[in-house]
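Notes for the one structure printed next.
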There are 2 protein chains.
Amino acid sequence: MARLGRSTWDLQQNPVYVSGVGTVAGQVEAQGPLGQDFDIRLDNDRIDDDTWEHSEQRMFSQAVQTAMEKAHVTSEDVDVLVGGDLNAQLTGFYFGTRAFLRPALGVYSACASICESLALGALIVHTGHAQRVIVGTSSHTSTAERQFRYPTEYGAQKPPTAQRTVTGAGAAVLSRASSTIQLTHATIGSVVDYGIKSPWEMGAAMAPAACDTLLQHLRDTGRTFADYDLVVTGDLGHIGLRLLRKLLLERGINPEPERLNDCGALIYDAKQPEVFSGGSGGACCTIVTFGHLFKRLLDGTYKRILVSATGALLSTVSAQQSDTIPGISHAIAFERKDV
Amino acid sequence: MARLGRSTWDLQQNPVYVSGVGTVAGQVEAQGPLGQDFDIRLDNDRIDDDTWEHSEQRMFSQAVQTAMEKAHVTSEDVDVLVGGDLNAQLTGFYFGTRAFLRPALGVYSACASICESLALGALIVHTGHAQRVIVGTSSHTSTAERQFRYPTEYGAQKPPTAQRTVTGAGAAVLSRASSTIQLTHATIGSVVDYGIKSPWEMGAAMAPAACDTLLQHLRDTGRTFADYDLVVTGDLGHIGLRLLRKLLLERGINPEPERLNDCGALIYDAKQPEVFSGGSGGACCTIVTFGHLFKRLLDGTYKRILVSATGALLSTVSAQQSDTIPGISHAIAFERKDV
């Protein structure tokens with residue numbers, strides 16, 4: 001019931017744990033530097049489906065299935081699924097989780113959806129209204145390109161500020177059953193609009209929101225960057241991460257280089273073809289956090305991390321109507337517990 | 001902390017109240033039989049904006065502003081906004097609430113989004129993590145037509161099973177401060193797919209989900225239809241409501257005619273032009289509930305009602321790819337408290 005400031009939920013009193021995770025990585029993601037950290041590594045982003053959308057839905061299902069297996073539960077043990085994706089009307093989530101026949105709550109904050117899902121899923125478990133909640137998101141470079149920019153087949157050239165939408169999906173089972181990774185805090189972000197209009201500059205559109213949410217989290221909890229072994233943003237990419245450092249510095253905050261990173265900067269090797277400024281997409285923060293960072297919490301490399309997923313709030317229609325691209329970011333704190 | 005069954009949250013222990021509501025109705029809705037129940041009645045669905053989308057965003061802002069005024073709060077008193085709309089990537093919600101500069105959680109379950117927002121908003125207040133939450137949704141017939149079917153300007157003919165997307169927006173302030181209307185239970189629905197493929201038959205696509213959620217709610221709470229003065233679904237329309245009665249009857253349940261109704265059947269007079277099987281859209285259930293039904297709770301006509309908003313889970317892309325249209329429905333129970 002504790003309430004820290006206006007935007008952070010302290011969930012330590014009725015603790016919420018991560019009981020199991022599942023991650024699916026597309027071909028380029030599987031070949032990247034974190035490839036070995038993912039459960040399912042695809043060698044073909046289409047799998048054997050008739051459309052990219054159906055492939056993404058299948059990835060979502062696979063991630064949920066894997067998370068349930070690792071948590072030793074079946075769908076009947078799951079009280080509710082919370083998640084989202086980048087497709088209009090959340091067809092990735094709803095079609096991807098339909099077969100589990102469980103209550104479902106779709107959320108959308110673009111690529112920040114995983115932290116929105118974690119916040120709400122954890123709150124439901126925290127209150128005791130559910131024993132187990134599954135949270136998850138997906139994205140697919142080929143469904144996202146035609147959703148937000150041009151169909152891949154069109155072959156549009158991209159500037160170096162562009163980011164590659166991660167193909168993949170990730171899911172986690174949250175429960176009250178004690179385990180090594182505890183979800184301790186959720187900070188809900190506000191819409192922050194710096195007036196960016198180019199859909200090729202997502203990092204610039206989202207960095208101000210990440211800055212706003214990180215500062216809010218530190219104010220609300222009384223913590224500093226030094227209290228975290230790692231603070232990661234969702235998918236600012238290399239350029240957005242540089243902008244975030246600049247925004248923090250303007251506010252007198254200068255985190256050590258190794259203490260602040262970005263999932264979009266981590267997921268690809270700059271030598272991989274056409275990864276531009278790094279990864280983005282609803283699955284970027286999800287599979288890096290659940291696949292890569294959670295392994296470092298489990299092996300003791302990290303004791304406490306903060307993950308602030310970042311979303312760019314544009315649609316085909318808003319871009320065509322020359323609207324700006326506001327950003328939003330929600331932050332989740334995880335801690336290693338010795339159980 | 002009580003937990004009834006697997007899908008209903010009992011929120012009575014730390015009670016959540018409706019402190020104020022705001023409703024905006026488009027031209028056709030304002031001329032309908034419930035017209036006098038809405039706060040802002042438009043005589044022009046475009047207001048004075050350059051696009052239909054911007055008009056919808058303005059309606060959303062107006063609904064939130066009105067709800068805050070009636071609850072005697074300003075945006076600084078609001079901890080978080082929870083809501084959604086039918087536009088791809090929730091631009092109605094995010095652009096419509098951007099100016100309030102408050103934490104925001106976008107949700108999507110098509111026209112069931114208002115009950116998803118009420119469930120999550122109430123849960124946040126219930127836990128004590130927020131003092132005040134605003135929930136709301138919007139829809140606009142002209143933004144929805146081009147999102148889901150054809151642009152209005154195309155002049156496509158519609159079959160009698162079609163429904164008119166409600167133009168309007170509604171918002172409510174939820175808080176722990178005691179007032180006449182209490183939100184007591186939330187039942188989270190599952191995705192239910194009866195294989196409907198026509199975007200002109202939303203009532204048929206959603207009725208099975210409404211049936212599933214209503215039965216789940218009654219099972220979880222041990223209540224029957226007789227425990228409610230009125231049970232309303234969100235936007236099944238006249239045809240969908242008939243299908244719901246049939247589905248209930250197949251399960252041996254035959255509610256009295258006056259005890260089961262539908263917001264989409266209530267909002268228009270069948271004599272109004274081009275309203276077909278009735279209203280639909282994210283704002284349909286919202287403005288009928290907040291504008292019309294809450295007045296009947298306040299004046300004592302009703303003591304207890306159940307509102308089960310209904311959503312059809314289709315997108316332009318899923319329709320083009322010949323996917324089915326699954327439905328989902330979430331139910332919220334409201335009670336009059338003599339304070």
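The values are calculated or read from the model by the stated rules, or taken from the named source; none is laboratory data. Computed from a prediction, not measured in an experiment: that's the story for all the values here. Neighbour counts run over all protein chains shown; Cβ positions are idealised from the backbone, glycine included. Note: accessible area is taken over every heavy atom of the protein model, side chains too, but ligands, DNA and RNA are not part of it. Shrake-Rupley method; radii C 1.70, N 1.55, O 1.52, S 1.80 Å.
Annotations
- With respect to the conditions (1) in contact with a strand residue (DSSP E or B) (Cβ under 7 Å, 6 or more places away or on another chain); (2) open to solvent by less than 10 Å² (accessible area, probe 1.4 Å); (3) over 21 Å from B:Val135 (Cβ atoms); (4) polar (S, T, N, Q), B:Ser315 lacks only one, and its number is (1).
- Being closer than 27 Å to A:Ser198 by Cα and open to solvent by 10 Å² or more (accessible area, probe 1.4 Å) holds for only one residue in A:Arg98, A:Arg58, A:Arg149, and it is A:Arg149.
- Looking across segment A:31-44, the residues that are open to solvent by 20 Å² or more (accessible area, probe 1.4 Å) and either more than 18 Å from the chain's Cα centre (by Cα) or of a type outside the set (Asp, Glu) (or both) come down to A:Gln31, A:Pro33, A:Gln36, A:Ile40, A:Arg41, A:Leu42, A:Asp43, A:Asn44.
- Condition check for A:Asp49: in contact with a helix residue (DSSP H, G or I) (Cβ under 9 Å, 6 or more places away or on another chain), within 13 Å of another protein chain (Cβ to nearest Cβ) and open to solvent by 10 Å² or more (accessible area, probe 1.4 Å): yes
- Matching residues, segment B:85-111, being in a strand (DSSP E or B) and either within 7 Å of another protein chain (Cβ to nearest Cβ) or of a type in the set (A, V, I, L, M) (or both): B:Pro103, B:Ala104, B:Leu105, B:Gly106, B:Val107, B:Ser109
- Looking at A:Asp193, A:Asp212, just one residue is over 30 Å from A:Val73 (Cβ atoms) and over 19 Å from the mean Cα position of the chain (by Cα), and that residue is A:Asp193.
- Residues of segment A:217-254 that are open to solvent by less than 60 Å² (accessible area, probe 1.4 Å), assigned to a loop (DSSP other than H, G, I, E, B) and either farther than 23 Å from A:Ile287 by Cβ or in contact with a Pro (Cβ under 7 Å, 6 or more places away or on another chain) (or both): A:Arg223, A:Ile253.
Every residue, every condition in (1) under 13 Å from B:Cys263 (Cα atoms); (2) at pLDDT below 95, yes or no:
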{"position": "B:Leu306", "(1), (2)": "yes, no"}
{"position": "B:Gly327", "(1), (2)": "no, no"}
{"position": "B:Phe334", "(1), (2)": "no, no"}
{"position": "B:Asp338", "(1), (2)": "no, yes"}
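- Single match in B:Ser178, B:Ser190 (criterion: closer than 17 Å to A:Phe95 by Cα, touching a residue at least 24 places away in the same chain (Cβ under 8 Å) and either open to solvent by less than 20 Å² (accessible area, probe 1.4 Å) or of a type in the set (Gly, Ala, Ser) (or both)): B:Ser190
- Scanning segment A:281-329 for residues that are within 14 Å of chain B (Cβ to nearest Cβ) and of a type in the set (Gly, Ala, Ser) gives A:Gly281, A:Gly282, A:Ser308, A:Ala309, A:Gly311, A:Ala312, A:Ser315, A:Ser318, A:Ala319, A:Ser322, A:Gly327, A:Ser329.
- Evaluation of A:Ala172 against (1) of a type outside the set (Ser, Thr, Tyr); (2) open to solvent by 30 Å² or more (accessible area, probe 1.4 Å); (3) away from every other protein chain (no Cβ under 11 Å) (one fails), failing number: (2)
- If the condition is being touching a strand residue (DSSP E or B) at 6+ places or on another chain (Cβ under 9 Å) and over 17 Å from B:Cys263 (Cα atoms), then segment B:226-236 contributes only B:Asp227.
- Out of B:Ala67, B:Ala71, sole residue that is modelled with pLDDT of 95 or more, under 27 Å from B:Thr187 (Cα atoms), away from every other protein chain (no Cβ under 11 Å) and open to solvent by 10 Å² or more (accessible area, probe 1.4 Å): B:Ala71
- When B:Ala130 is tested against (1) touching a residue at least 12 places away in the same chain (Cβ under 8 Å); (2) within 13 Å of another protein chain (Cβ to nearest Cβ); (3) farther than 15 Å from B:Tyr17 by Cα; (4) in contact with a helix residue (DSSP H, G or I) (Cβ under 6 Å, 6 or more places away or on another chain), just one condition goes unmet, and that condition is (3).
- Only one of A:Gly203, A:Gly136, A:Gly121 that is open to solvent by less than 30 Å² (accessible area, probe 1.4 Å), part of a strand (DSSP E or B) and within 29 Å of A:Ala30 (Cα to Cα): A:Gly136
- Residues that are free of Cβ contacts under 8 Å to residues at least 60 places away in the same chain and part of a loop (DSSP other than H, G, I, E, B) were ranked within segment B:255-312; the one that is farthest from B:Gln182 (Cα to Cα) is B:Pro273.
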